[in-house]
1. I'd like the full set of residues that are of a type in the set (Asp, Glu) and open to solvent by 20 Å² or more (accessible area, probe 1.4 Å), limited to region A:123-147.
2. Name the residue that is nearest to B:LEU30 (Cα to Cα), counting only residues in region B:108-129 that are surrounded by fewer than 22 Cβ atoms within 10 Å (Cβ to Cβ), more than 8 Å from chain A (Cβ to nearest Cβ) and not aliphatic (A, V, I, L, M).
3. Does region B:130-150 hold any residues that are part of a helix (DSSP H, G or I) and surrounded by 17 or more Cβ atoms within 10 Å (Cβ to Cβ), and which are they?
4. Conditions: (1) within 14 Å of chain A (Cβ to nearest Cβ); (2) in a helix (DSSP H, G or I); (3) of a type in the set (A, V, I, L, M, F, W, C). B:ALA173 meets all but one. Number of the miss?
5. Only one of these conditions is not met by A:ALA176: (1) more than 14 Å from chain B (Cβ to nearest Cβ); (2) crowded, with 24+ Cβ neighbours inside 10 Å; (3) outside any helix (DSSP H, G or I). Which number is it?
6. Out of B:VAL216, B:VAL222, B:VAL210, which single residue is open to solvent by 30 Å² or more (accessible area, probe 1.4 Å) and either in a loop (DSSP other than H, G, I, E, B) or modelled with pLDDT under 95 (or both)?
7. Filter region A:35-80 for residues that are within 26 Å of A:ARG250 (Cβ to Cβ) and assigned to a strand (DSSP E or B) and give the result.
Amino acid sequence: MLDAAPQHRLGSVDRAGIFPLVAEGLVFEAGGRRLVDGLDLRLDGAERVVILGPNGAGKSLLLKLLDGLVAPSAGRIAWNGRPADMAVRAATAMVFQRPVLLRRSVAANLDHALAARGINGVERRQRVGDALAMARLSPLAAQPARLLSGGEQQRLALARALALQPRLLFLDEPTASLDPASTLAVEGLIEAARHAGAATVLVTHDRGQARRHADRILFMQSGRVVEDTPADAFFDRPRSAAGRAYLEGRIFV
Amino acid sequence: MQDLGQAFATAWAMLTGFDPALWSVVLLSLKVSLGAVAIASALGIPLGAMLAVARFPGRGGVLVLLNAMMGLPPVVIGLLVYLLLSASGPFGVLHLLYTPTAMVVAQTLLVLPIVAALSRQVIEDLALEYADYFRSLGLGRAGAVATLIYDARFSLTTAVLAGFGRAIAEVGAVMIVGGNIDRVTRVMTTTIALETSKGNIALALALGLVLILIAVLVNVAVMGLRATAARAAYA
């Protein structure tokens, strides 16, 4: 689908040193409720991780904790044995369910993110052009980003993340409000990110999408990971009662 | 008291005949108020943006104070600047009292809280919308402020417009620090006050019409700008 895009130029950049990502005893409390409850996790950066679970399980919150958007109430997150620093920040990117786009043109949105990461003028222009081509947004480069369709906006958000050449890409329900064609286009970009060397952690409610994009499933329930298993095993024989109920579409209380 | 109709006719003749006395007053008014708004915007917009993104102890108190200062009476500002610039004041050596510069200083102090407080409100709303993107990008506070000011530029015209409206229409501050000296510090509002008290309604009326015209033109320009921006989803 996106085979004509110049993916090679975005290439795989190994700013190594961020893996393993280890979370220990992660807790997040708000309003007297424990929304993430003593969670342990280890990511080696080699697998495609998908987080599944019902609403309110803490999936998006876990992504935000890992990406440093919110601080945990307790526990620690270590990137290759150290706390998040600028090198970690430069090696990660996040795509939100609802794209956060600046009130600027499509190209200027890409340019802003790259400039913020200290990428110089010539390389910046190159990366903007490549990312636009990859997301098939080149004809819309000068258009105001906020006038794009929902699918185009999400492709732009992904293109912006990919232009940063992350080693780890967090994806928070990036296709939740998209039609099948736009979903396919966004999934193509996620694949492109993987080919460019990025590990992905994807939160989704779409079981088909989870099958397509998971090597490993984290199934969450009430702020805990109740099942951490290879994707095939999870879809064939989920170990937890909650996981079974979720896959069968039953309500599990 | 002159007949109102005749006063209007004389005022119109002065305007269309480009009466030099009238237009020198208009030009000085514009110079002083635009100068004050430019300085207040250059200081007030970044200040408002910093207050929008910064979280520090006492921030609530600062915001209350800033909002309260929006309503400061111009005569109080005039008095303050007068005390600072008078011969016995700390800046008396500069000999700025009764000069257009003193009027710019007074109007800047008058307009600054308005521009800063309104900018803070506009930018804070945008900052909430962009917060996750900024954090995920690892953007520092200076970068965030610059981005927010640029992206809010069309909305910020409202803050600048409110400041200009306040400056061009005020009389108390410029009267005290300018002294209403003919051909030196006489601006539209002080001239209107003086000429009305002298019974020269035609000149006062002509200046009043210019003031209204300026207000309408500035609003039309800003509305046009914002409408263009809104069509491009930039506002």
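1. Hit for region A:123-147 is A:GLU123, nothing else.
2. Once the filter is applied, the top-ranked residue is B:GLN121.
3. B:TYR130, B:ASP132, B:TYR133, B:PHE134, B:ARG135, B:SER136, B:LEU137, B:ALA144, B:VAL145, B:THR147, B:LEU148, B:ILE149
4. Result: B:ALA173 passes all but (1).
5. Among (1) more than 14 Å from chain B (Cβ to nearest Cβ); (2) crowded, with 24+ Cβ neighbours inside 10 Å; (3) outside any helix (DSSP H, G or I), A:ALA176 violates only (2).
6. Result: B:VAL216 is the single residue among B:VAL216, B:VAL222, B:VAL210 that is open to solvent by 30 Å² or more (accessible area, probe 1.4 Å) and either in a loop (DSSP other than H, G, I, E, B) or modelled with pLDDT under 95 (or both).
7. A:LEU35, A:VAL36, A:ASP37, A:LEU39, A:VAL49, A:VAL50, A:ILE51, A:LEU52, listed by residue number.
Per-residue answers, yes or no, for (1) free of Cβ contacts under 8 Å to residues at least 40 places away in the same chain; (2) in a helix (DSSP H, G or I):
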| residue | (1), (2) |
| --- | --- |
| A:LEU102 | no, no |
| A:ALA107 | yes, yes |
| A:ALA113 | no, yes |
| A:GLN126 | no, yes |
| A:ALA142 | yes, no |
| A:GLN154 | no, yes |
| A:LEU162 | no, yes |
| A:GLY188 | no, yes |
| A:ALA193 | yes, yes |
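The values are calculated or read from the model by the stated rules, or taken from the named source; none is laboratory data. Bear in mind the structure is a predicted one, so any value in this text is a computation, not a measurement. A quick note on method: Cβ atoms are made from the backbone with ideal geometry, for glycine too, and the neighbour counts reach across all protein chains shown. The accessibility values were calculated without ligands, DNA or RNA, using every heavy atom of the protein model including side chains. Shrake-Rupley method; radii C 1.70, N 1.55, O 1.52, S 1.80 Å.
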